[in-house]
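Structure first, commentary second.
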Amino acid sequence: EQIQKLNAELEQRVADRTRDLSVLYEVTMVASEALDLDTMLARSLERVLATIYREVVAIHLLDERKALLRLTVQQGIPPDIAAEIVTLPAAGGLADWMIAHGEPMLIPNISADTRIPPAARDFGPYAYLGLPMRARGRVLGVLSIVGAPEHEVNAEEVALLASVADQVGVAVENARLRQQAERAAV
């Protein structure tokens with residue numbers, strides 16, 4: 001009986017790892033296609049949503065010249081909240097810590113955190129997971145995931161999503177380099 005229980009646990013771990021590798025592979029495949037930046041980000045976001053089963057996902061890209069984050073793609077954000085978070089300050093807000101430290105941030109209840117924009121706090125007692133998108137040692141943006149509090153995020157899921165965010169960051173960097181090369185060629 002104990003051997004059967006251990007075998008079932010092992011099979012579940014193998015299934016979980018297979019799913020994780022599949023997600024990373026799918027995001028890598030989307031990133032390797034010669035797509036424009038917005039299409040690549042939208043498709044990557046679809047892959048993330050299919051994996052994590054959360055209500056709201058968004059990608060903000062860092063505009064270093066203006067020291068702000070711009071909402072590039074999103075899924076599930078109500079229009080009034082989306083209007084409030086189209087641009088966010090890169091300094092002094094949630095993103096500031098993630099950009100400085102390059103690490104994920106988990107907020108169990110957004111309605112109680114003053115760093116969250118007021119309209120988003122009215123959204124309810126949802127949990128927020130922010131993941132910096134990195135490439136070449138610098139943060140290029142933030143992948144934000146909001147979910148119901150009963151969907152607890154475990155360390156393995158955070159690690160998977162951090163890897164996905166970094167893969168998207170590399171894809172953003174590659175798309176920007178392609179654009180620069182095209183401009184230089186013209």
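The values are calculated or read from the model by the stated rules, or taken from the named source; none is laboratory data. What you see is a predicted model, and the numbers here were worked out from it, not measured in a lab. Reconstructed Cβ throughout: ideal geometry from the backbone, glycine too, with neighbour counts over all protein chains shown. To get the accessible areas, we keep the full protein, side chains included, count just its heavy atoms, and leave off ligands, DNA and RNA. Shrake-Rupley method; radii C 1.70, N 1.55, O 1.52, S 1.80 Å.
Assorted remarks:
- Under 5 Å from the amide H of Ile85 lies no amide H of any residue 5 or more positions distant or on a separate chain, with H modelled from the backbone and absent for Pro and chain starts.
- Rounded accessible area of Asp80 (nearest 10 Å², 1.4 Å probe): 100 Å²
- Rounded to the nearest 10 Å², the accessible area of Asp16 at probe 1.4 Å: 50 Å²
- Ile110 contributes about 10 Å² of solvent-accessible surface, heavy atoms of the protein only, 1.4 Å probe.
- Per-residue ³J(HN,Hα) for the range 168-173, Karplus 6.51 cos²θ - 1.76 cosθ + 1.60, θ = phi - 60°, Hz, x for Gly and Pro: 5, x, 5, 5, 4, 4
- The range 94-107 - phi-based ³J(HN,Hα) in whole Hz, Karplus 6.51/-1.76/1.60, Gly and Pro as x: 4, 5, 3, 5, 5, 5, 5, 9, x, 10, x, 10, 10, 10
- Here each label is just a point 7 Å from Cα along the line to Cβ, and for Arg70 and Glu103 those points are 3.1 nm apart.
- Between the range 111-171 and the range 22-42, the alpha-carbon center distance in angstrom: 19 Å
- Heavy-atom accessible area, probed at 1.4 angstrom with all protein chains present, ranks Ser32, Ser163, Ser44 as Ser32, Ser163, Ser44, highest first.
- Given the chain, longest segment not containing exposed loop trypsin sites (Lys or Arg not before Pro) (DSSP; at most 12 other Cβ within 10 Å): 67-135
- With every protein chain in place and a 1.4 angstrom probe, the accessible-area ranking of Met29, Met40, largest first, reads Met29, Met40.
- Here the dipole of the chain is about 680 debye; that uses its Cα centre as origin and unit charges on the Cβ of Lys and Arg (positive) and Asp and Glu (negative).
- Heavy-atom accessible area ranking, 1.4 Å probe, most first, across Tyr126, Tyr25: Tyr25, Tyr126
- For Cα extents along the principal axes in Å, the value computed from the atomic coordinates appears in the list (1) 53, 40, 25; (2) 54, 50, 31; (3) 67, 43, 29 under label (3).
- Sparse-neighbour loop sites [GluC sites (Glu not before Pro); the range 90-186; at most 13 other C-beta within 10 Å; DSSP]: Glu150, Glu152
- Gyration tensor verdict on the range 78-125 (Cα atoms; rounded if a/c is under 1.5, prolate if a/b is larger than b/c, oblate otherwise): oblate
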